[in-house]
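Reading through the structure tokens given below for one structure.
The values are calculated or read from the model by the stated rules, or taken from the named source; none is laboratory data. For clarity, every value in this text was computed on a predicted model and none was experimentally measured. No Cβ is skipped: glycine too gets one built from the backbone with ideal geometry, and neighbour counts run over all protein chains shown. What goes into the accessible areas is simple: the full protein's heavy atoms, side chains included, and nothing from ligands, DNA or RNA. Shrake-Rupley method; radii C 1.70, N 1.55, O 1.52, S 1.80 Å.
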Amino acid sequence: MTTLSDIREQVEAVAPSRPSTIRRLSRHPSVLFGGVILLILLAIAIAAPFLGTVAPSAIDPSSRNKKPGVELSTRQADGTKVTRTAWMGTDSLGRDVYSRVLYGTRVSLAVGVAATIISVSIGLTIGLLAGYVRWLDGVVMRFMDGMMAIPGILLAIALVSLWGAGLSTVILAVAIPEIPRVVRLVRSLVLTIREEPYVEAAVALGTPMPLILLRHIMPNTFAPLIVQGTFICASAILVEALLSFLGIGIPPEIPTWGNIMAEGRALFRVFPHNILFPGIFLSLAVLAINVIGDGLRDTLDPRMSKRI
Amino acid sequence: MLMFVARRLLATIPVLAMVAVFVFLMLRLTPADPAAILAGDNATTEQVAQIRAKLGLDQPLLTQFAIWGGRLLHGDFGESFFFKKTVAELIAQRLEPTLALATATILLSILIAVPLGVIAAYRHETWVDRFVMALSVFGFSVPVFVIGYLLIYVFAITLGWLPVQGYRSITQGFWPFFERLILPASTLSVIYVALIARITRASMLEVMNEDYIRTARAKGLSDRVVLIRHGLRTAAIPIVTVIGIGIALLIGGVVVTESVYGIPGIGRLTVDAVLARDFPTIQAVVLLFSFVYVLVNLLIDLAYVLLDPRIRY
């Protein structure tokens with residue numbers, strides 16, 4: 001008598017098992033490279049208080065504009081002197097750049113992830129409906145075309161100026177310009193998936209529309225959506241940094257890579273470290289995420305990888 | 001052909017209308033009083049009342065849109081109470097530097113990126129190809145302002161070859177104009193080069209597999225003739241398309257680059273307007289840039305006919 005495991009053995013002997021997606025991903029050199037950088041940055045973000053940092057917003061007038069590596073001594077309330085090294089120097093208010101960059105990692109990454117989650121979930125919902133409900137399609141897509149005609153950074157700037165600068169408004173302003181791109185992707189996927197026999201079968205069985213969308217169509221949009229989400233995350237981190245750098249993003253009390261650089265603009269000629277260090281962190285983070293995105297695209301969505 | 005141009009022109013109207021609707025709604029759907037936002041922080045009560053009357057804010061939303069849209073079509077973008085000028089005047093003053101910067105950037109990017117992409121495709125899967133691709137990933141990842149400060153630090157401060165910041169009109173002599181444009185245009189072109197080189201490479205790789213390339217080679221034509229006359233000409237359409245799409249990147253980059261280099265263009269005006277909470281100007285800039293973006297892409301669509309004789313509309 002043949003059991004199920006016998007059959008499986010026979011099948012596997014003929015067709016060697018395909019390595020799982022995670023396996024293939026972990027072997028992809030660019031995913032590995034980006035993943036390591038991103039993990040280090042995440043570790044820094046989580047462990048920021050334990051990495052020899054001081055309060056990132058603490059202003060110290062006596063140690064303003066110090067070059068990287070300078071020894072600073074501060075007198076405590078009880079009269080004892082504490083000496084520490086300002087690894088990345090201090091800014092024009094005497095704040096420790098090293099601490100600000102490390103704490104900034106938290107904010108910058110969090111803003112990127114939050115903006116991605118918002119734009120992907122809103123875009124997914126609208127895209128599913130536009131792709132499946134025929135009469136909605138025309139109206140929604142014309143509106144999305146209009147939104148896409150506004151250059152993303154400009155739209156974010158306009159939204160921030162309307163709502164005022166703050167953590168939540170910046171996250172929203174960064175997320176909204178990305179929505180039409182997600183809608184377009186999801187809609188085009190839905191248009192092909194809805195013609196699949198299993199969707200037809202579900203319709204014939206009288207499955208209610210929300211259930212068809214959720215159970216039969218949505219899961220098939222995930223792979224391309226993850227790829228797109230990675231690129232959105234990279235771009236969101238960039239746009240947030242850009243807004244904060246221009247002085248119209250997150251207020252300086254909350255350190256992000258962008259507003260640390262904004263602080264360093266005035267005295268850049270003499271003290272380039274204020275722009276250099278956060279700039280390195282920012283570039284590394286965006287690079288890591290972009291590279292992971294490329295790898296994910298190769299692995300999860302081979303059709304797309306051929307295009308670029 | 002004429003029919004195509006007409007159809008394509010007609011198709012842009014709804015897009016531009018939607019941009020207008022979006023910019024319009026952005027202001028009306030905020031809980032605050034639109035008149036107060038448009039008047040800015042230092043406006044008097046009379047000024048706010050004046051705007052309210054001018055825009056018909058007591059009318060239904062549709063009437064308001066008609067009033068606002070009608071003014072737009074007449075070139076009336078409203079008035080900037082912060083800069084004490086009409087927005088149209090303000091933008092006209094700032095147009096030259098931005099145009100100069102954008103043109104220089106596009107030219108520079110094409111001159112660098114297309115040869116890079118072609119070489120990468122020609123030397124496919126060698127270190128040259130990998131190097132170009134790595135450069136392109138870097139170009140996408142390093143933010144414009146970091147590149148800007150890096151270039152300023154090296155070429156203006158350390159080496160002292162070029163001025164740090166500023167802008168001179170071309171009417172004040174070509175060299176002062178040109179030398180102040182070198183660093184900003186190089187800065188802004190990095191991301192553009194990354195984009196165009198990538199597409200050029202992909203497009204060339206696809207074309208080089210075609211039969212007629214093999215035929216051209218078999219005829220004994222030199223590599224250069226095959227690459228440029230037979231390859232690049234066919235590969236040009238995706239490249240030109242991406243140059244058009246990349247205008248969006250360029251516009252975002254202009255805002256940052258002008259701030260870094262202290263260039264008094266429209267990008268700088270945008271940032272100043274946001275800092276001053278001068279909403280009429282922001283609205284106008286968003287409309288203007290979107291209009292340019294749509295228009296450039298329209299022109300590119302029309303240019304396909306020139307690039308590819310197979311396309312007949």
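Can you give me the % of accessible surface on the protein assembly as shown that is carbon or sulfur? Probe 1.4 Å, all protein chains present, nothing else counted.
On the way: 19820 of 29660 Å².
Reported share for carbon and sulfur atoms: 67 percent.
Percent relative contact order of region B:90-169, based on C-alpha pairs within less than 8 angstrom and at least six residues apart?
Values: 20 pairs, mean separation 18.6, N = 80.
Contact order relative to length: 23 percent.
So how much accessible area does residue B:179 have, in Å² to the nearest 10, using a 1.4 Å probe?
40
Among B:274, B:240, B:256, which one shows the highest mean-square fluctuation when chain B is modelled as a Gaussian network with alpha-carbon springs under 10 Å?
Looking only at B:274, B:240, B:256, the largest GNM fluctuation is found for B:274.
Probe 1.4 Å, all protein chains in place: accessible area of residue B:298 in Å², nearest 10?
Its heavy atoms expose roughly 10 Å² to the probe.
Roughly how much accessible area, to the nearest 100 Å², goes out of reach of solvent when A and B pair up, both sides summed, probe 1.4 Å? Don't skip to the end; give the middle numbers.
Details: alone 16380 and 17130 Å², together 29660 Å².
Between A and B, the summed buried area is about 3900 Å².
Would you mind working out the magnitude of the charge dipole of the protein assembly as shown relative to its Cα centre, with +1 at each Lys and Arg C-beta and -1 at each Asp and Glu C-beta, to the nearest 20 Debye? Walk me through the numbers before you get to the answer.
On the way: 52 positive and 40 negative charges, 208 e Å.
The calculation lands at about 1000 debye.
If you count only protein heavy atoms and use a 1.4 Å probe, how large is the accessible surface of residue A:163, to the nearest 10 Å²?
Here the accessible area works out near 100 Å².
Using a 1.4 angstrom probe with every protein chain in place, what is the largest-first accessible-area order of B:201, A:27, B:123?
On the way: B:201 35, A:27 150, B:123 110 Å².
Sorted descending by solvent-accessible area, the residues read A:27, B:123, B:201.
Only four residue types carry charge here, +1 at the Cβ of Lys and Arg and -1 at the Cβ of Asp and Glu. Report the dipole size of chain B about the Cα centre in Debye, rounded to the nearest 20. Walk me through the intermediate numbers first.
On the way: 25 positive and 20 negative charges, 183 e Å.
Using Cβ point charges on Lys, Arg, Asp and Glu, chain B gives about 880 debye.
Just how far, in whole angstrom, is region B:177-222 from region A:250-277 if you go by their alpha carbon centroids?
36
Please check region B:115-161 for residues whose accessible area, probe 1.4 Å, is lower by 40 Å² or more when all protein chains are in place than in their chain alone.
The answer is B:137, B:141, B:143, B:145, B:146, B:149, B:153, B:157.
Which residues of region B:7-52 show a drop of at least 50 Å² in accessible area when all protein chains are present, compared with their chain alone (probe radius 1.4 Å, heavy atoms only, ligands and nucleic acids excluded)?
Listed by number, the residues meeting the 50 Å² cut-off are B:18, B:22, B:26.
Just by accessible area at a 1.4 angstrom probe, what is the order of A:263, B:89 from largest to smallest? Numbers along the way, then the final one.
Details: A:263 50, B:89 100 Å².
Largest accessible area first, the residues go B:89, A:263.
Report, in debye and to the nearest 20, how large the dipole of region B:2-73 comes out about its Cα centre when Lys and Arg carry +1 and Asp and Glu carry -1 on their Cβ. Before the final figure, lay out the partial values.
Numbers: 6 positive and 4 negative charges, 91 e Å.
The dipole of region B:2-73 has a size of about 440 debye.
Tell me the angle of helix B:233-245 to the major Cα principal axis of chain B, expressed in degrees between 0 and 90 and rounded to the nearest ten.
Between the helix axis and the principal axis of chain B, the angle is about 20 degrees.
Report the label-to-label distance for residue B:74 and residue B:89 in nanometres (one decimal), using points 7 Å from each Cα along the Cα→Cβ vector.
It is 1.7 nm.
At a Förster distance of 51 Å, what's the computed FRET efficiency of residue A:270 paired with residue A:205, Cβ-Cβ distance as r, to 0.05?
Once the sixth-power term is evaluated, E becomes 0.10.
Report the relative contact order of region B:2-73, percent, no decimals, based on alpha-carbon pairs under 8 angstrom and at least 6 residues apart. Intermediate values should be presented prior to the final figure.
Working: 24 pairs, mean separation 15.1, N = 72.
Worked out over region B:2-73, it gives 21 percent.
Classify chain B: rounded, prolate or oblate, from the alpha-carbon gyration tensor (a ≥ b ≥ c, eigenvalue square roots; a/c under 1.5 rounded; otherwise prolate if a/b is larger than b/c)? Working shown, then result.
Working: a/c = 2.79, a/b = 1.58, b/c = 1.77.
Oblate.
Given A:257, B:40, B:275, which one lies farthest toward the positive end of the charge dipole of the protein assembly as shown, if we put +1 on the Cβ of every Lys and Arg and -1 on the Cβ of every Asp and Glu?
In the protein assembly as shown, that residue is A:257.
Can you tell me the accessible area per residue over the protein assembly as shown, all protein chains present, probe 1.4 angstrom, in square angstrom? Write out the running numbers ahead of the final one.
On the way: 29660 Å² over 621 residues.
Ligands and nucleic acids excluded, the figure is 48 Å² per residue.
Of the options B:151, A:129, B:208, report the single residue whose Cα projects farthest towards the positive end of the charge dipole of the protein assembly as shown (beta-carbon charges: Lys, Arg +1; Asp, Glu -1).
Of B:151, A:129, B:208, it is B:208.
Specify the inter-centroid distance of region B:120-138 and region B:83-106, based on alpha-carbon positions, in whole Å.
37
Placing +1 on the Cβ of each Lys and Arg and -1 on the Cβ of each Asp and Glu in chain B, which of B:289, B:134, B:17 has its Cα farthest towards the positive end of the resulting dipole?
Going by the charge dipole, the pick is B:134.
Measure out, as a whole number of angstrom, how far apart the alpha-carbon centroids of region B:245-303 and region A:112-151 sit.
24
What is the protein assembly as shown by shape, rounded, prolate or oblate, if you read a ≥ b ≥ c off the alpha carbon gyration tensor as root eigenvalues and call it rounded for a/c under 1.5, prolate for a/b larger than b/c, and oblate otherwise? It would help to have the intermediate numbers written out before the result.
Details: a/c = 1.30, a/b = 1.15, b/c = 1.13.
Taking the square roots of the gyration eigenvalues as a ≥ b ≥ c, the protein assembly as shown is rounded.
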